[in-house]
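Here's the structure we're looking at; comments come further down.
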Amino acid sequence: MQGGARAWAVWAVGLSAYVVAVLHRTSLGVAGLDAQHRFAIGAGALASFAVLQLLVYAALQVPVGLLLDRFGSLRLVVAGALIMASGQALMAFTEGVGGAVAARILVGAGDAMTFISVLRLVPQWFPSGRVPVVTQLTGIVGQLGQVLSAVPLAALLAGAGWTTAFVCASASGLFVAIVALVAMHDTPDRRVNSGDPIEFRRLGADLAAAWRHPGTRLGLWTHFTSQFPGTVFALMWGYPFLVAGEGLSRGVASTLLTLFVVVGMVGGPLLGVLVQRHPMRRSWLVLGVIAAGGLGWGLVIAWPGRAPLAVVVLLVIALGLGGPGSMIGFEFARTFNPPNRLGTATGIVNVGGFVASLLTIMLVGLILDARTGGHADYDIADFKAAMAVQYAIGIIGVAGILRTRRLARQRLAAEGIHVRPLREILAERGWFSAQRLGKG
């Protein structure tokens, strides 16, 4: 039976694996300044660690989606947790750049297996009416991993030191792998649910069919544009920006990163309910989230010198909505694709935000290096110049959303489903006059 106590228990096991995956993913962000000193590297080289991690993550999304359709969630979640644990163990003891690079590759590879595998559990265990909300809860509650990196991991780095901190991170990955192996089931009827044997011709056909549907590409551009500002902030540059740029203490910076997660946890279920009630207005919710992030950064960048703490808090709140907004991309994938290629479509969508994030992380690092000569001696003006590059990535993403939304609506119209323009609905409710509507 879908949606009972057993369903919530299995989902909680998968969610715990995702929480730990987010801890691994964001660990380099809070360790960034320590890593620069440990490995004697500049901002560009540090950014390359995160970029490589995200590149591996993004490159594996479609292959992992295909493997997910074939082998199910349980096997991929366990494998991902073990791979990430090995990466963090390597990071704990390495003293050279080569070892650190290999460690982040392992983290990226294991991380790539986790999130979409947990998402795959949701429609298997819950009725369709609950799927949007549970999907949002998965993405947002999973961000508690950022709290684990921002608070206990940061405290271990400052106290016990680098090796102890990353050994503990590795141990958490091993623990969730054991829990998943014992308690997770792919479906209510089967502990391990295998799909059809992999046939490359069929895989190519499924991949092509998922990509050709404009709804899948709308999901990709949604994820691309709404996720990357928050990911760049939490994964790499937020902590250095707050400490070295805004001059805040490490404790205050950790508190703000925790606020970032809390905002997402509150906003996620609200967006999930709105998506459930207004499925034909999902793209407008996405555009609103993107606008909030753009306005937040605009206020901070335009502020003379360092922004007041209240302004930085507003920025963090705006960025915190990006994660829930990006989850709407997976709803596009789910509703525009049949179940047999859902893993493939989800993988395509998940590529978007991480490609945007890795590009932005690298560009920010290169700009910081260009302005400081490769020395970790940053001024707020350096961060403002570097963070402004996000607008270029955002414009590309919004253009992609608008184009694929139009194509998706044309596809729906061809199937006999008409999506009324928002301005027409607002005019009916008295927001616009008939004359103004005619001019629009």
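The values are calculated or read from the model by the stated rules, or taken from the named source; none is laboratory data. Keep in mind it's a predicted model, so treat the numbers as computed, not measured. Using ideal geometry, Cβ is built from the backbone for each residue, glycine included, and neighbour counts are taken over all protein chains shown. Heads up: the accessible areas ignore ligands, DNA and RNA and are worked out on the full protein's heavy atoms, side chains in. Shrake-Rupley method; radii C 1.70, N 1.55, O 1.52, S 1.80 Å.
With the charge dipole of the chain set up from +1 on Lys and Arg Cβ and -1 on Asp and Glu Cβ about the Cα centre, the Cα lying farthest toward the positive end among the listed residues Trp162, His278, Val312 is that of His278.
Take Ala381, project a point 7 Å from its Cα along the Cβ direction, then tell me which residues of segment 292-324 have their backbone nitrogen under 11 Å from it. Taking a point 7 Å out along Cα→Cβ of Ala381, the residues of segment 292-324 whose backbone N falls under 11 Å are 305. Scoring 80-91, 394-405 by mean Cβ neighbours within 10 Å over their residues and listing the highest first yields 80-91, 394-405. Length gained on full extension, Gln276 to Val151: 41.6 nm, using 0.36 nm per residue less the C-alpha separation. Can you compute the label reach from Thr335? Point 7 Å from Cα along the Cβ direction, backbone N cut-off under 17 Å, restricted to segment 248-289. From segment 248-289, the list is 269-289.
Per residue, the solvent-accessible area of segment 34-164 (1.4 Å probe, heavy atoms of protein chains only, all protein chains present) comes to 30 Å².
What segment 260-348 shows is 38 Å² of accessible area per residue, with the surface traced by a 1.4 Å probe over protein heavy atoms.
Solvent-accessible area of the chain (1.4 angstrom probe, protein heavy atoms only): carbon and sulfur portion equals 68 percent. Taking label positions 7 Å along the Cα-Cβ direction at both Ala302 and Ala399, the computed distance is 2.4 nm, reported to one decimal.
Taken along the Cα-to-beta-carbon direction at a fixed 7 Å, the label points for Ala205 and Ala413 span 3.1 nm. Rounded to the nearest 20 debye, the dipole size of segment 92-220 about its Cα centre is 320 debye, using +1 on the Cβ of Lys and Arg and -1 on the Cβ of Asp and Glu.
Of interest is the spacing of the C-alpha centroids, which for segment 199-241 and segment 73-92 amounts to 22 Å. Per-peptide packing, taken as the mean over residues of other Cβ atoms within 10 Å, places 178-186, 20-28 in the sequence 20-28, 178-186 from highest down. Dipole orientation for segment 157-296: of the candidates Val182, Pro240, Ala292, Ala292 has the Cα lying most toward the positive pole (charges on Cβ; Lys, Arg +1; Asp, Glu -1). Candidates Gln146, Ala112, Ala5 compared by Cα position along the dipole of segment 1-149: farthest toward the positive end lies Ala5, with charges placed on Cβ. Each of Ala40 and Val262 was given a label point 7 Å from its Cα along the Cα-to-Cβ line. The distance between the two points is 4.2 nm. When you restrict to C-alpha pairs under 8 Å that are six or more residues apart and normalise by the size of the chain, the relative contact order lands at 25 percent. What you get for the chain, charging only the Cβ of Lys and Arg (+1) and of Asp and Glu (-1), is a dipole of about 1500 debye around the Cα centre. Packing, as the average of other Cβ atoms within 10 Å across residues, places the peptides 266-272, 359-365 in the order 359-365, 266-272, highest first. Scanning the chain for DSSP H helices at least 20 Å long along the axis (C-alpha atoms) with a Kyte-Doolittle mean no lower than 0.5 picks out 5-30, 43-71, 73-93, 97-125, 162-183, 250-277, 282-302, 342-372.
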